Structure formats: C-alpha cells, structure tokens
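First up is the structure itself, then whatever we jot down about it.
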Amino acid sequence: MSVKVILNDHIEHLGERGDVVSVKPGFARNYLLPQKLAYLDTPGNRRLFNQEQKNWEKMDLKRRTAAEKMAAEMQGLELSFERRASEQDVLFGSVSAADIAHALEDRGFAVDRRRIALDHAIKELGSFEVEVRVHSDISVRIPIHVSRPGAHGDARVGAPEEAIAGVTELVEPEGMEAEEPAGGP
C-alpha cells in the first residue's frame, strides 16, 4: 500500500519540489507531512501548491543568489583537522560531517551537516575532498587535511623512528642482574 504526495521541497533520493511520488503511509504520516515537506495529493492541496509556487520561486531566487555568493566565498577554502592516530595512520576517532560543519561555521559559513556529502566519517590521516551542497544545484568541493597534532605538512612529529634515534643509553630494568661471564673470578 502507498500514498501519493506532492513534494514541497527537494528530498534526496525521492524527488524535486512539485513531483508527485508514492511513499509508504508511515513515512508520509510521520515525516513528510509534519515537516511540511509534502502535501497529500488531493485537488485542494494541488491548488494550494500552485498558489505557493509563485512565492516559492521568489524565495528560491533569493536563496540561489545567496548560495552563489557563499559558493564564491568558499572557493579556495581548505580545512585542516588535527587528530591523534596510530602508527598505521588510523585515527583514534574520526572527522565527521558535523566536525566539518563546525569548522565551516568557525570560518563564517552556516552550513547544515546534512548538506555535506560525506558517505562515512574520515578515519585515517591524509587529504580528502568533500562536496558541500550550498543549494540544491550549487555545490563546492573543499579539500580536507587530517594530520597529527603538531605535524607540519607531511612531516610526522614524534614518529617512533625519531624517538628511537634519540636513545643513546641502554637501561636495564630493575630486578634484572647482569649475568657474570662464564669462568668468572
């Protein structure tokens, strides 16, 4: 069983504004209708949707202009995150879409974390590119760099090789006596 609804906004993997789609009744009743993302497909709601369409086009033009301005300002922006990692460059934690949204907010860009196209959280050191959708058809690709704390560029500060190179004296653990050579005194 399904219910036909008129979408009132772009919904990922479902359709664009104005599309009539069939969805399960629970999805319509519990999510689409309360969030005002869709109307039931009735003649009265169709007329209401057509009236709102004119106002929507004006608002969308304003949003699109603001999104184009934001996208132009975001060009050339790079984000860097410092995270602790294992010797195999696997992070103790991750860099998520929410982390990227907070970093963008710190730079003056209000972007919802759901607008950041990140299939799964970043869980290793390195450089990545993330797509940020500032409007339904405007997106910006932002380079993301994840490094160890205190690292500069690709240099790994505090790497095990450097720690071992600094050891000049061998220290015996307590309770371990050095063996006397055979045929002693």
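Rule-based calculations on the coordinates, nothing more; no lab input. All values reported here derive from a predicted model rather than from experimental measurement. Glycine also receives a Cβ, built like all others from the backbone with ideal geometry; neighbour counts cover every protein chain displayed.
Phi angles of the range 57-64 translate, via the Karplus equation with coefficients 6.51, -1.76, 1.60 and θ = phi - 60°, into HN-Hα couplings of 4, 5, 5, 5, 5, 5, 4, 5 Hz per residue; Gly and Pro are given as x.
Bridgeable lysines around Lys69 (alpha carbons under 19 Å apart, same-chain partners fewer than 8 residues away excluded): Lys58. Charges were assigned to the Cβ only: +1 to each Lys and Arg, -1 to each Asp and Glu. The resulting dipole of the range 3-69 about its Cα centre is roughly 200 debye.
In order along the range 85-93, the Karplus-derived 3J(HN,Hα) couplings, from 6.51 cos²θ - 1.76 cosθ + 1.60 at θ = phi - 60°, round to 8, 6, 5, 8, 6, 8, 6, 8, x Hz, and Gly and Pro are given as x. Looking at the range 89-146, the trypsin sites (Lys or Arg not before Pro) that sit in a DSSP loop and have at most 14 other Cβ atoms within 10 Å of their own Cβ are Arg107.
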